[in-house]
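Notes follow the structure.
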There are 4 protein chains.
Amino acid sequence: MNPSHSNRYSVILGNLGNTCDRFLPTGYKQVPPKSELIRQAASIPGVTGIELVGSWDITENNAEEINAELGRNGLTCVSIIPDLFSQMRWGNGSFSAKDPEIRKQAIDETRSVSRIARKIKCPLINLWLGQDGYDYPLTADYSFQRNVLMEGIRTVASEFPDIKYALEYKPREPRNFSFQARAADTLLMAMETGLDNVGVCIDVGHGLMAGENVSDSAVMLQHYGKKLFHMHFNDNYRSWDDDMIVGSLHVVEYFELLFWLKESGYEGWYSMDQYPYREDGASAVGESVAFLRSVEKKLTTERINQIRTLVTKGDATASTRWMRELLFRIQA
Amino acid sequence: MNPSHSNRYSVILGNLGNTCDRFLPTGYKQVPPKSELIRQAASIPGVTGIELVGSWDITENNAEEINAELGRNGLTCVSIIPDLFSQMRWGNGSFSAKDPEIRKQAIDETRSVSRIARKIKCPLINLWLGQDGYDYPLTADYSFQRNVLMEGIRTVASEFPDIKYALEYKPREPRNFSFQARAADTLLMAMETGLDNVGVCIDVGHGLMAGENVSDSAVMLQHYGKKLFHMHFNDNYRSWDDDMIVGSLHVVEYFELLFWLKESGYEGWYSMDQYPYREDGASAVGESVAFLRSVEKKLTTERINQIRTLVTKGDATASTRWMRELLFRIQA
Amino acid sequence: MNPSHSNRYSVILGNLGNTCDRFLPTGYKQVPPKSELIRQAASIPGVTGIELVGSWDITENNAEEINAELGRNGLTCVSIIPDLFSQMRWGNGSFSAKDPEIRKQAIDETRSVSRIARKIKCPLINLWLGQDGYDYPLTADYSFQRNVLMEGIRTVASEFPDIKYALEYKPREPRNFSFQARAADTLLMAMETGLDNVGVCIDVGHGLMAGENVSDSAVMLQHYGKKLFHMHFNDNYRSWDDDMIVGSLHVVEYFELLFWLKESGYEGWYSMDQYPYREDGASAVGESVAFLRSVEKKLTTERINQIRTLVTKGDATASTRWMRELLFRIQA
Amino acid sequence: MNPSHSNRYSVILGNLGNTCDRFLPTGYKQVPPKSELIRQAASIPGVTGIELVGSWDITENNAEEINAELGRNGLTCVSIIPDLFSQMRWGNGSFSAKDPEIRKQAIDETRSVSRIARKIKCPLINLWLGQDGYDYPLTADYSFQRNVLMEGIRTVASEFPDIKYALEYKPREPRNFSFQARAADTLLMAMETGLDNVGVCIDVGHGLMAGENVSDSAVMLQHYGKKLFHMHFNDNYRSWDDDMIVGSLHVVEYFELLFWLKESGYEGWYSMDQYPYREDGASAVGESVAFLRSVEKKLTTERINQIRTLVTKGDATASTRWMRELLFRIQA
């Protein structure tokens, strides 16, 4: 861990565009063209990376062109997310679908995105398998479906050992239960592949929604073989994936999390993943980056040492007071 | 209360069509034409009523035509829901919007739907004000916005005293907090209008999601002046509005609810409101009606008297045993 | 509303002593004698009030003696909480018990505490009816029990018009469902008594646990006739009544709440109600007061005006940025 | 899997006695002497096993005497639970305590209980480490504490290879976060010990409270090396460990769970773990056993085959209908 190392910030491109919900499928605002979104991302202070969604943002045909455009804007593609969730065919699952033809398509789609990644030297595929789960009692074959899910990931990841695969867990939505629901179960599946290039992505909001203490989850993933591959940032009220501006609610928890990410040796990107339904996308995402950079700036070597003492001692009142005095500059 | 009175079942027409989520705005299936949906609704055993959404299903121009088509299928329009939630203009609220022009439009839209209702002799307008709420700290003017919301409803309802207005509460979604969030706060607002024709609609799933005991909420609404005007039925896992098949999860709670609806003198419709995202709409909605009719059939006069004894006595073990013996026909 | 008016801080005396849970009925620490607890409370900077629990802390026999001891320590008794929850006889309810003899005892106990209050000029009785609820389906007679509960409160409150009765709601615990569960339902019952001296107490943790936005609840109670009579402060993770140090988690929400308490004209006490199970009681409660005073100090007239502008405008990014810049003194 | 094999039912002895909460440390009822509790347990139809708590119910000194008394009543001791949670010294953790002296005591206490188990041929130690967790941000050293926790378990379990150690997870209470919180993280720790005799105990209520689908968790534990060692049964409203009568709420989920326990080859005991705060203990626990036996009786070979077809097909409407027709004997 090198505390003087600066965090690297990125954004998911689509967050700057339109985002819809189930009541207003067109979304609440007009969406600018993609090249404008790229320019907006590049203009956010501190942002040097971009995450793209396969087929939405990048395909095997236009990969080099898109990559060049990113480069002209001073941006790097830090991750690609295969679209295994927003097409009708994935409605009953992708890698875990009961239909073997769909499972084959999921593998092929991920292969395709892996080829794109290799082509543009993007080091990481982020797999969010949102449709891989179930809704009702007595409708899922848990054992069989978990197994084919793991095997599908292993198949692709073993073919692309130069690329990292980060499994992004989420407890629910769009399915009522997900197969990759929390840090530990997803880690178990990553370990089961037996492949070094399969790890986990923490989306902070998904962790909050799952009832996790996200700092604890991050440390746990690092403990079992440095398996924290990627981070998505946003905020919510702990009961749903509200995808809000980072730090709009969980100031204290974010402070602790950024400490532990450094302390546990996380060296990946800090990527924004929000749904600014009613807000100007670039401003809302920019405010998230500004929050994280504000916390980063407060985490001086001196304060890091103070936090180490606090967590070793474990005095709730002392820890709370330390945080308050930092935020309010008032000594009681 | 007349226990021999049969329940009247209806469905929201749109439930039979396509339903989307934020990841797949097109929905997971193909949607048949509206006339086919009406035929499907009419074919569900026990269903004699339909709920329509304003502008989606019915307008001032086609009201009589649609009503005639319902009639030819043996159906009655039991409620119309103004579309105050699925248009870009309502994104920051309808009756409670900060922009007075939007508030005016909300009033006008509800007036228009009220004229339709009057024209086709539909007795009830169901107001679900999903966009009327807020998302972030320090962004809502609670006092002002609640007040204009109440005044907007009072304005329209006082102009149409022959029509009932049922306010359908929901704790959140699409906003992170709703102004009409739970039974009691919505009742307070209904009472504040001072109008007899303003009451409350319970959507059972919204109540579960709000942490309510829905039976208790229903009884409370009836206690304060027979203010339970309408009922929407679906099921969920208590943390989100999953809009599932009725009785797929909460068998015991539904049993108790149907008892209390009768006991407290509810005489409105039993209307299905689901989102069968991946299921055949007519089958899924039909199964909901079948569940409620199964419970209704079990609620014989003899059993109603037994339940009265159980709730008076309040012995948890005895009540649980009674329910188990009814469901399993096994005496321990 | 007078923004220059200083908040008045108090503590519940028992919070400084031992607190237990269901696994360790003796609690996790040794409890000092009561006179020592009173001295500790008096030594917390800013604290000038005390809340007592009937029979635990004060009885008709020792009322004047206890009051004198408070006075010698520079403390005022701001509220008394009748013990209607920690005796075996209340296990199935107090005012709402099915047994009329128990209901009579609840009324008598509250009368007794009211006489104490009158004797020592304590202006407020805080009623937390924790046992008044139910656990299982088919065991409660909602209508009857709510009614006798309301009548019991009305009986006592009408006999002591010079004393305020604050009903403290909580969604659950120790019962799985409470009759006075949320701000709005409790307000309805307070209004139903028809008495000016019956209002509501918000325990912030109970509100968070109920899924409420507590600022909105406070404003609502004030809107319907200045019915916010009392405030209890603590913090939790939104799913349970963890009774933690104030501001240890919800920094932003507390900032907003203190604004709205002033803005809506709340002039009652700011009373700490925590369970410092494993912490030194006086330090933990003292840190809560220090947090609230830190926020109060930041709420200058200038910032109050800025917040008024923010809530009128409703721009989520701007509000979030304003809060961040205040806490981190960093402009993005 | 042998579907004709009958389930074996047991109860935790203390459930029949008094149970308290944080508001009434004495509990809500009188407790009979232990020998009477044993007689009550033996009289529940179907119960042949008992779970004991170390030091509460059994010590190295009285082990053989207690065991003989169980035998005289036709009962077997199926598991012992070391008391690592209800003594002041464990307040800040047992195996994961920051104080090395406390960690040593936790190991010694578990060794002592293991010797008891060996002496009376009890095959399993159930470890519920309720105090091993944390409450506030910036107070836990996640990495260090998880590690010593795992090592403590490994130390004892390696010394008693003839005894099974089942780790019982719970997301929270009495701590706000537990180190062994969910099925998957607990399994990871069990696997990390590298010992065949360390596995997991599912308490169904803890799983519901953690947002798990308990059937899925059971299948997952069995998938990774038959690691489901023990089962505790009770029911709750999914937000807290209400410890209610089994099947009082989750009829459908319990039906599915009993299917999957058989299907995944679980051959351990079905043990009742409730807190009948206000109910007669023996009746309430007896009703739980009656519920599970009712479900077991319905799970005929024919129906097991039907369920296999349903979970393979995954048609939500068909599965829901099947369940309804079984419970209501009504074909739609």
task: Would you mind checking which residues have amide H under 5 Å from residue A:270's amide H? H placed 1.01 Å from N; only 5 or more apart, or other chain.
output: A:8, A:9, A:10
message: 5 Å is the cut-off here: which amide hydrogens, built 1.01 Å from N in the peptide plane, fall below it relative to residue A:81, excluding neighbours closer than 5 in sequence?
response: A:52, A:53, A:54, A:126
task: Pop a pseudo-label 7 angstrom from the Cα along the beta-carbon direction at both residue C:42 and residue A:195 and give the gap in nm to one decimal.
output: 7.1
Partner chain coverage, peptide B:64-71 - average Cβ within 10 angstrom: 0
message: Per q in 0.06, 0.09 Å⁻¹, report the Debye log10 I(q)/I(0) for the protein assembly as shown, using one uniform scatterer on each alpha carbon and no solvent.
response: -0.50, -1.28
- request: Go ahead and collect, in residue order, the members of region C:118-149 whose backbone nitrogen is under 18 Å from a label point 7 Å along the Cα-Cβ direction of residue C:34.
  value: C:118-122, C:126
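Taking region A:241-322, which GluC sites (Glu not before Pro) meet the DSSP loop condition and have no more than 15 other C-beta atoms within 10 Å? Let's see the in-between values first.
Values: sites: A:253, A:256, A:263, A:267, A:279, A:287, A:296, A:302; in loops: A:267, A:279.
Loop-located and lightly packed - A:267.
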- line: For region D:290-304, in residue order, the Karplus 3J(HN,Hα) values (coefficients 6.51, -1.76, 1.60; θ = phi - 60°; whole Hz; Gly and Pro = x) are 4, 4, 5, 5, 5, 5, 4, 5, 6, 7, 6, 4, 4, 5, 4
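Hey, with R₀ at 45 Å, roughly what FRET efficiency would residue A:8 and residue C:304 work out to, going by the Cβ-Cβ distance, to 0.05? Mind showing how you got there, number by number?
Details: r = 39 Å, r/R0 = 0.87.
After rounding, the FRET efficiency stands at 0.70.
Where the only charges are on Cβ atoms (+1 Lys, Arg; -1 Asp, Glu), what is the dipole of the protein assembly as shown about its Cα centre, to the nearest 20 debye?
Values: 144 positive and 172 negative charges, 1 e Å.
It works out to roughly 0 debye.
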message: What FRET efficiency comes out for residue A:55 versus residue B:56 if R0 is 41 angstrom and r is the Cβ-Cβ distance? Round to the nearest 0.05.
response: 0.85
³J(HN,Hα), Karplus 6.51/-1.76/1.60, whole Hz, each residue of region A:314-330, x for Gly, Pro: x, 9, 4, 5, 5, 5, 5, 5, 4, 5, 4, 5, 5, 6, 10, 6, 10
task: Show the residues, 5+ positions off or on another chain, whose built amide H is closer than 5 Å to the amide H of residue D:198.
output: D:165
field: Dimensions in Å of chain A - Rg and Dmax from alpha carbons
entry: 19.7, 65
Table column - 3J(HN,Hα) (Hz), region D:219-236, Karplus curve with 6.51, -1.76, 1.60, x for Gly and Pro: 5, 4, 4, 5, 4, 8, x, 6, 9, 7, 8, 7, 9, 10, 10, 5, 9, 6
message: Using a 7 Å offset from Cα along Cα-Cβ at residue C:115, what residues in region C:56-80 end up with backbone N under 16 Å from the label point?
response: C:58-65
field: Exercise: per-residue mean of other protein chain Cβ atoms within 10 Å, C:207-213
entry: 5
- prompt: Under the definition of Cα pairs under 8 Å and six or more residues apart, what whole-number percent is the relative contact order of chain A?
  reply: 17
task: State the residue of chain D whose Cβ is nearest the axis carrying D onto A, and the distance in whole angstrom.
output: D:184, 2
task: With springs only between Cα atoms under 10 Å apart, run a GNM on chain C and tell me which of C:71, C:207, C:314 wobbles the most.
output: C:314
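Return the average number of partner chain Cβ atoms within 10 angstrom of each residue Cβ along peptide A:111-124.
Mean shielding count: 0.
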statement: Given pairs D:121/D:262; A:29/B:34; A:170/A:227; B:104/C:227 and cut-off 20 Å on Cα-Cα distance, the over-length ones are D:121/D:262; A:29/B:34; B:104/C:227
- prompt: Taking chain B as a Gaussian network, where each spring joins two C-alpha atoms under 10 Å apart, which residue of B:88, B:220, B:272 fluctuates the most?
  reply: B:88
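All of the numbers you see were taken from the coordinates with simple rules; none came from a lab. Here the structure is a predicted model, which means the values were calculated and not measured. All Cβ positions, even for glycine, are placed from backbone atoms using ideal geometry, and neighbour counts span all protein chains on display.
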